[in-house]
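S.K.: My questions all concern the structure below.
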Amino acid sequence: MTHFKNRLALISFLTDDYDAAIAWFQSALGFVLLEDTNMGGGKRWVRMAPHPSAETAFLIAKAVGNQADSIGRQAGGRVGHFLFTDDFDGMYTRMQKFGVTFREYPRLEPYGKVAVFEDLHGNPWDLMQPSNP
């Protein structure tokens, strides 16, 4: 049997404005810009991640045509992204400072400390500090 060494490299994040998305991820979440390459015709290859050596990154994708209907509803209204941290209170404070909207107060669950927040387009995310990292 052949074994493949696969990994999840990129997840598309739909936006209507590359620069606004870059600025939000950098300020609100402290993400780093890994790449911003002009592809011509108004299209860019923009990769962002929580830190430079993160295994998985976002590909910031500008919605075209009817894709714009999915901005802010990428997971159909469910939490679609989970941001893990080793300092929940510090990250929560940082995010509040940058105006991030939290849908709830932090709560303790068997799996860790968590609170649902919204990104710049209203997509719900979990900010989580797992009990067992």
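The values are calculated or read from the model by the stated rules, or taken from the named source; none is laboratory data. In this text, all values refer to a predicted model and were calculated from it rather than measured experimentally. Cβ placement follows ideal geometry from the backbone for every residue including glycine, while neighbour counts extend to all protein chains displayed. Accessible surface areas use protein heavy atoms only, side chains included; no ligands, DNA or RNA. Shrake-Rupley method; radii C 1.70, N 1.55, O 1.52, S 1.80 Å.
S.K.: Kindly provide the helix-only [θ] at 222 nm of the chain, computed as the sum of -39,500 (n - 2.57) over DSSP H runs of four or more divided by all residues, to the nearest 500 deg cm²/dmol?
M.R.: On the way: 2 runs with 22 residues, N = 133.
Rounded to the nearest 500, the figure is -5000 deg cm²/dmol.
S.K.: Can you spot the aspartates and glutamates whose alpha carbon is less than 15 Å from Lys97's alpha carbon? Ignore those fewer than 8 places along the same chain.
M.R.: Partners found: Asp89, Glu118, Asp119.
S.K.: Next question, about the same structure. How much length is gained on full extension from Asp19 to Leu33, taking 0.36 nm per residue of separation minus their Cα-Cα distance?
M.R.: Values: separation 14, 0.36 × 14 = 5.04 nm, distance 1.11 nm.
Difference between extended and current length: 3.9 nm.
S.K.: Looking at the stretch 10-133 only, what percent of DSSP beta bridges run antiparallel? Nearest 5 please.
M.R.: Given both bridge residues lie in the stretch 10-133, the antiparallel proportion sits at roughly 70 percent.
S.K.: Compute the Rg to Rh ratio over the stretch 63-133 from the alpha carbon atoms, using the Kirkwood formula for Rh, and round to two decimal places.
M.R.: On the way: Rg = 13.4 Å, Rh = 12.9 Å.
Over the Cα atoms of the stretch 63-133, Rg/Rh equals 1.04.
S.K.: Then there is this: Rank Met48, Phe84, Leu8 by how far each Cα sits towards the positive end of the charge dipole of the chain (+1 on Lys, Arg Cβ; -1 on Asp, Glu Cβ) and give me just the farthest.
M.R.: Leu8
S.K.: Here's something else I'd like to know. How large, in percent, is the carbon and sulfur part of the accessible surface of the chain at a probe radius of 1.4 Å?
M.R.: In the chain, the share of accessible area belonging to carbon and sulfur is 51 percent.
S.K.: Still on this structure: Computed FRET efficiency, Cβ-Cβ of His81 and Asn6, R0 25 Å: what is it to the nearest 0.05?
M.R.: Calculated transfer efficiency: 0.75.
S.K.: Take peptides 117-125, 75-83, 28-36 and line them up by average Cβ neighbours within 10 Å, highest first, as a rough protection proxy.
M.R.: Highest-to-lowest ranking by the protection proxy: 117-125, 28-36, 75-83.
S.K.: If you roll a 1.4 Å probe over the heavy atoms of the protein chains, what accessible area per residue do you get for the chain, in Å²?
M.R.: 62 Å²
S.K.: Continuing with the same structure: Could you let me know the centre-to-centre spacing of the stretch 101-123 and the stretch 1-24, using Cα atoms, in angstrom?
M.R.: 21 Å
S.K.: Cut-off 16 Å, label point 7 angstrom out along Cα-to-Cβ of Thr56: give me the residues of the stretch 100-133 whose amide nitrogen falls inside.
M.R.: Counting backbone N atoms under 16 Å from the label point, the list is 124-130, 133.
S.K.: OK, next. What size of dipole, in debye to the nearest 20, comes out for the chain about its Cα centre when the only charges are +1 on Lys and Arg C-beta atoms and -1 on Asp and Glu C-beta atoms?
M.R.: 240 debye
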